[in-house]
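Since the structure comes first, as structure tokens, the remarks are kept for the end.
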Amino acid sequence: MISGNVPQGAGLSSSASLEVAVGTVFQQLYHLPLDGAQIALNGQEAENQFVGCNCGIMDQLISALGKKDHALLIDCRSLGTKAVSMPKGVAVVIINSNFKRTLVGSEYNTRREQCETGARFFQQPALRDVTLEQFNAVAHELDPVVAKRVRHVLTENARTVEAASALEKGDLKRMGELMAESHASMRDDFEITRPADRHPWWRSLRPRSAIRAACA
């Protein structure tokens with residue numbers, strides 16, 4: 001029997017946590033020469049080959065290598081990770097909106113295809129190899145929808161690196177600003193938020209003691 005407290009279909013990677021949990025059990029049981037990154041890769045392969053979701057590696061890596069009271073900065077190409085300590089006195093609140101979705105049944109694969117289309121336009125293997133300056137110079141030549149997806153990825157990558165730096169410095173004000181920018185980009189450019197995100201419980205996350213919130 002397998003049990004857990006990660007809500008299914010709530011955007012918290014319940015499938016990735018299950019894959020990593022099963023992989024870790026077999027690694028421990030049979031003393032397999034697998035580290036956390038390799039267990040994560042096996043989970044990703046299961047999603048890609050058997051479930052039919054062309055997912056990346058982020059969810060599996062955070063499940064396999066996450067550290068208590070730390071954020072995890074991930075390089076999805078090299079699989080390198082860096083644990084970033086959360087400032088003392090800060091709590092991360094996760095609220096389940098009860099909006100159900102699955103990666104296979106959602107537009108995840110469509111977003112992936114749109115990003116790959118953008119990378120091909122720039123003749124690069126991935127959008128991480130494109131600079132924001134390069135994008136701005138030719139954005140008008142891209143399909144408008146693809147352009148929005150590319151802009152989100154480029155700005156979100158930059159925000160992620162800056163967020164890690166802000167956490168290390170204890171700059172919670174900047175971290176909050178980055179979270180707000182991230183949510184706006186997910187809403188307007190990547191279009192992965194839902195009307196439920198604007199329900200009263202979402203608007204209630206505005207007390208002075210709150211840094212900021214983002215929802216997808």
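Throughout, read-outs are computed from the coordinates displayed, never taken from laboratory work. For clarity, every value in this text was computed on a predicted model and none was experimentally measured. Backbone-built Cβ (ideal geometry, glycine too); neighbour counts: all protein chains shown.
Residues whose amide H lies under 5 Å from that of Val84, counting only those 5 or more places away or on a different chain, are Ala71, Leu72, Leu73; hydrogens are built 1.01 Å from N in the peptide plane.
Restrict the search to the stretch 1-91; then list the trypsin sites (Lys or Arg not before Pro) that DSSP places in a loop and that have at most 10 other Cβ atoms within 10 Å of their Cβ. Filter output for the stretch 1-91: Lys68, Lys88. Model label points for Gln124 and His140, set 7 angstrom from Cα along the Cα-to-Cβ axis, are 2.1 nm apart. Dipole check for the stretch 1-85: with +1 at the C-beta of Lys and Arg, -1 at the C-beta of Asp and Glu, and the Cα centre as origin, the magnitude is about 200 Debye.
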